[in-house]
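A short write-up of the structure that comes next.
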Amino acid sequence: MAESTVAGRPRVARRGIPEGIRRGAARVDAVTPAERDRAVDALRAFAILGVVLGHWLVTALVADGGSGLRTASPLQHMPWLAPISWAFQTLAVFFLVGGHVATRGYTSARARGTTYGQWLRSRLSRLFKPVAAVLTLWTVTSVLLLLSGTDIDTVHTLLKLALSPLWFLLVFAALTAVTPLLLRLNPLWPLAVVLHVDLLRFGLGGPAWLGWVNVAAGWLVPFSLGAAWTRGELERRRAGWILLTVGAVATAALVAWAGYPASMVGVPGAGISNLNPPTLAAVTFGLAQCGLALLLREPLRRTMRRPLAWAAVALLNLSAMTIFLWHQTALMATTATGLLAGHLPGLHTLPDNLTWVAARLAWLPVFTLVLAACWTTFRLYEQGPRRPKGRTSRVIRSNPTPQSEKTKARHHA
């Protein structure tokens, strides 16, 4: 489509995209170091989007009467929708990328003479900077709700959903803190721990609390796969195919013959959750996801050469923690506000039929707008004040591809 030249209106480039957006994307693309591995950022962005959309699709706050709300899930009433969880439970990919970035970053920091303490403080500050705003808002909100006479069970439900992303940050921070110990760790070791824990729990009638060992061991599997990626052990496509095939076959066998749930997220009322704590099925499913992620690296690198695609991914990565921490709040704010208009389908009604699914899909743009408002309000807590002129944004700092690292090595040699 030709560009618009009507006075007072923004010029529009081909495909209806405003010229200003195209120019901005081109600037982001131009200042990004050529050696940056954009596939890493793309995988992280997809992992974050998967978690956000997954929660929005399978989490329902049902209004049973009055102003009370309780948690429900369409997977509870329509278990045949379990494949939705396969597409949107993407935490393993996030831990894969996290392990890769952490081990590579630590190695580079040590080469520059940076101490472990300095490196760790820098890493953890990026994770926990936005948390203060979430905790402050929900502390005040909870007090106000209780003072207004809101049922304590409703307040507990809202708090549990709002603060649920924090468990991820705690586990991720713990694994980041032990990064120096993981530089040479074979992923088969934590996988063996998960296997034995599940054998003791489910096969030999061991105590249920034993499963919480898998919170560390289970997520250590993809995190240590990220370290193996840094070491160059996963560069060949064969590695991706092995992980994808073995992980998918093992997961199918565990679900079909070992009694593991088909859903890869927790379902209210279910006897066993694959995610809370992680089971062997969740970990093998994560292996398949990691294999697919590794296979997608080259196609993603090609796609990320397009300025618009890269600018979108760069922006999402810059605000990843803000989006992750506030997406549940966006869901609950929309739900609570909607109560003023009555019990709305897809928002307050029981998720027990496809009509609810269709209505929930229609609510997704509203959740997105509310999340955008949260991002606009609280992004400063993650990104900090505007950087001085001439200082490169961390969204476009070097994140070298294996090929560029080899080129640099030859140059310095």
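The values are calculated or read from the model by the stated rules, or taken from the named source; none is laboratory data. All values reported here derive from a predicted model rather than from experimental measurement. Cβ sites come from the backbone with ideal geometry, for glycine too, and all protein chains shown count toward neighbours. The protein model used for the area step is the full one, side chains on, heavy atoms only, and it has no ligands, DNA or RNA in it. Shrake-Rupley method; radii C 1.70, N 1.55, O 1.52, S 1.80 Å.
Please express the shape of the chain as an equivalent ellipsoid: the semi-axes are the square roots of 5 times the eigenvalues of the C-alpha gyration tensor, given largest first in whole angstrom. Write out the running numbers ahead of the final one.
Working: eigenvalues 229, 191, 91 Å².
Square roots of five times the eigenvalues give 34, 31, 21 Å.
Hey, got the Cα dimensions of segment 63-201 along the principal axes, in Å, largest first?
61, 38, 28
What figure in square angstrom, to the nearest 10, would you give for the accessible area of His77 with a 1.4 Å probe?
80
May I have the pair-distance distribution P(r) for segment 118-270, computed from all Cα-Cα distances with 5 Å bins from 0 and rounded to whole percent?
2, 7, 11, 15, 15, 15, 14, 10, 7, 3, 1, 0, 0
Please report the relative contact order for the chain, taking Cα pairs under 8 Å with a sequence separation of at least 6, and give it as a percent rounded to a whole number.
Here the relative contact order equals 27 percent.
For n ≥ 4 DSSP H runs only, could you compute -39500 (n - 2.57) per run for the chain, divide by its residues and tell me the 222 nm figure to the nearest 500?
-21000 deg cm²/dmol
Exactly which trypsin sites (Lys or Arg not before Pro) in segment 107-193 are in a DSSP loop and have at most 13 other Cβ atoms within 10 Å?
Answer in residue order: Arg112, Arg184.
Taking a probe of 1.4 angstrom, what is the accessible area of Phe202 in Å², to the nearest 10?
Probe radius 1.4 Å; accessible area of Phe202 about 90 Å².
Taking every pair of alpha-carbon atoms in segment 188-242, give the share separated by more than 19 Å as a whole percent.
Looking at segment 188-242, the distances longer than 19 Å represent 40 percent of pairs.
For the chain, give the percent of accessible area contributed by carbon and sulfur heavy atoms, probe 1.4 Å, rounded to a whole number.
66
At 7 Å along the Cα-to-beta-carbon direction for both Arg237 and Leu361, put a label point, then send me their distance in nm to one decimal.
A separation of 3.3 nm, rounded to one decimal place.
If you average the C-alpha positions of segment 108-126 and of segment 156-200 separately, how far apart do those two centres end up, in angstrom?
Going from one Cα centre to the other spans 21 Å.
Once amide H atoms are placed 1.01 Å from N in the peptide plane, what residues at a sequence separation of 5 or more from Leu275, or on another chain, have their amide H within under 5 Å of its amide H?
Amide H to amide H, under 5 Å and 5 or more residues apart or across chains, Leu275 pairs with Gly266.
Heavy-atom accessible area per residue, segment 117-188, 1.4 Å probe: how many Å²?
Dividing the accessible area of segment 117-188 by its residue count gives 54 Å².
Given an 8 Å cut-off on Cα distances and at least 6 residues of separation, report the relative contact order of segment 145-281 as a percent.
22
Assuming a ≥ b ≥ c are the square roots of the Cα gyration tensor eigenvalues, decide whether segment 251-378 counts as rounded (a/c under 1.5), prolate (otherwise, with a/b larger than b/c) or oblate.
oblate
What is the dipole size for the chain, taken about its Cα centre, with +1 at each Lys and Arg Cβ and -1 at each Asp and Glu Cβ, in debye to the nearest 20? Show your work: numbers first, answer last.
Working: 41 positive and 16 negative charges, 489 e Å.
Dipole of the chain, to the nearest 20 debye: 2360 debye.
Over segment 226-328, with the other protein chains present, what is the accessible area per residue in square angstrom, probe 1.4 angstrom?
Here the per-residue accessible area is 42 Å².
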